[in-house]
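The numbers here are math on the coordinates, done by the rules we state, and not lab data. Being a predicted model, the structure only gives us computed values, none of them experimental. Quick reminder, even Gly has a Cβ in these numbers, built from the backbone with ideal geometry, and neighbours come from all protein chains shown.
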Amino acid sequence: MARNVTLDFIRGVAILGILLLNISAFGLPKAAYLNPAWYGEITSRDAWTWAILDLFAQVKFLTLFALLFGAGLQLLLPRGTRWIQSRLTLLALLGFIHGLLFWDGDILLAYALVGLVCWRLVREAQEVKSLFNTGVLLYAVGVAVLILLGIIADSGQSRSWVPDASSLLYEHYWKLNGGIEAISNRSDMLSANLLALGAQYGWQLAGMMLIGAALMRSGWLAGQFSLRHYRRCAAICIPLGMLINLPAIVAQWHLNWDYRWCAFLLQAPREISAPIQTLGYAALAYGYWPQISRFRLAAAVVCVGRMALTNYLLQTLICTTLFYHFGLFMEYDRLTLLAFVVPVWLVNLIFSWLWLRNFRQGPVEWLWRQLTARASGISFRSTFR
């Protein structure tokens, strides 16, 4: 089956876009990821940077990646049970190693574990409509749980939201020094992330995967609708998503990023808007692909999408080296950190383009496929179909 180049382009955009948010997770304390006032006060530079990223990028690219992950599950169904289970189990193992030994912001383990549940739901679904509706229902449950957590949360400040000086010094210490201390802390964070996955985030992740699978099965994510249809979807979904999210951004600003409201209740509009805006981004790519494909940069982004796993891990390798081994952690504010994004993007783009001139797959993708073939008992030759 021929590759869907536009889908590879969208996947490349998702991987590159994820770095826009992850750069703060690499360069600043964990509390800074959602809270721009993590140090108790805030500058206008930080506030505006956070607001713009929240409107255009926060959650959106992770949601887009989950959508594409679900589409991938639909495409993998002809491979059979043993192939899919082996593939996702190996991804979970890779995510566990990545999260424990390299970086506490790993998403691979969560996607693999939820994928192991969702692929069976995708296989058993008889109709596209029922699959899509199930995805919407699961996502709505996740948002409802988030609101419930906000209702029962303590109204006081949390050290995870506004850490004290000793917590910041300790995080700075273990991230720069590494070793057993770092592994122990990443292990604790991994456990906390798995609890959050089971309690709340996993519902949303599963919902987006099922929606992605439904849209792939219907042909929407395969580009089988008209350019006019995709352009109309983009024109409706992107502004609508922003319209839902914008009041919550303004409210968080006026509430001075209060823990109870901003860590839970006002996250809900963003989570509701993310799938809508994400579908708009995907529709934008399909609707204007004849124009986009004329640019050489688009071809490089397609290469990034074909090597998504390699590039995700490459971003970790580059950023952990810069911020933890070269001591740049907590040295820059949110806006200045964005200056690191473009050079990392260039590495992703150039490396992917050069690699795929000589090989059919990225290095991690190739290894993943070989190990999947061995684990599933499928012959080596059949993995290149």
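List of remarks:
- Between 0 and 90°, nearest 10: helix 165-177 axis offset from the chain longest Cα axis: 40 degrees
- Dipole magnitude of the chain about its Cα centre (Cβ charges: Lys, Arg +1; Asp, Glu -1), debye to nearest 20: 2000 debye
- Scaled radius of gyration (Cα, divided by 2.2 N^0.38 Å) that the range 62-175 gives: 1.40
- Seen from V304, the other residues with C-beta closer than 11 Å to its C-beta sum to a net charge of +1, counting Lys and Arg as +1 and Asp and Glu as -1.
- If you take all other residues with their beta carbon under 12 Å from the beta carbon of Q204, and give Lys and Arg +1 and Asp and Glu -1, the sum is 0.
- Longest exposed-site-free window of the chain, the sites being GluC sites (Glu not before Pro) in a DSSP loop that have at most 11 other C-beta atoms within 10 Å: 128-385
- Prolate/oblate/rounded label for the range 293-385 (Cα gyration tensor, a/c 1.5): oblate
- Inter-centroid distance (Cα atoms) of the range 108-179 relative to the range 291-360, Å: 25 Å
- Between T43 and S167, the simple label model (points 7 Å from Cα in the Cβ direction) yields a spacing of 2.3 nm.
- For the range 218-353, the equivalent ellipsoid derived from the Cα gyration tensor has semi-axes of 29, 28, 12 Å, listed largest first.
- Pairwise Cα inverse-distance average, inverted: Kirkwood Rh of the chain (Å): 21.6 Å
- Under 22 Å from K60, Cα to Cα: lysines that are on another chain or at least 8 residues apart: K30
- If R0 equals 51 Å, the separation of the Cβ atoms of R232 and I350 corresponds to a calculated FRET efficiency of about 0.90.
- Think of the range 5-384 as having a plus end and a minus end, set by charges on the Cβ of Lys, Arg, Asp and Glu; of A31, L77, V342, L77 sits farthest toward the positive end of this dipole.
- Here is the result for the range 178-248: no chymotrypsin sites (Phe, Trp or Tyr not before Pro) lie in DSSP coil with at most 11 other C-beta atoms within 10 angstrom of their C-beta.
- Full extension of the chain between R374 and R360 yields a length gain of 3.1 nm, computed as 0.36 nm times the residue separation minus the alpha carbon distance.
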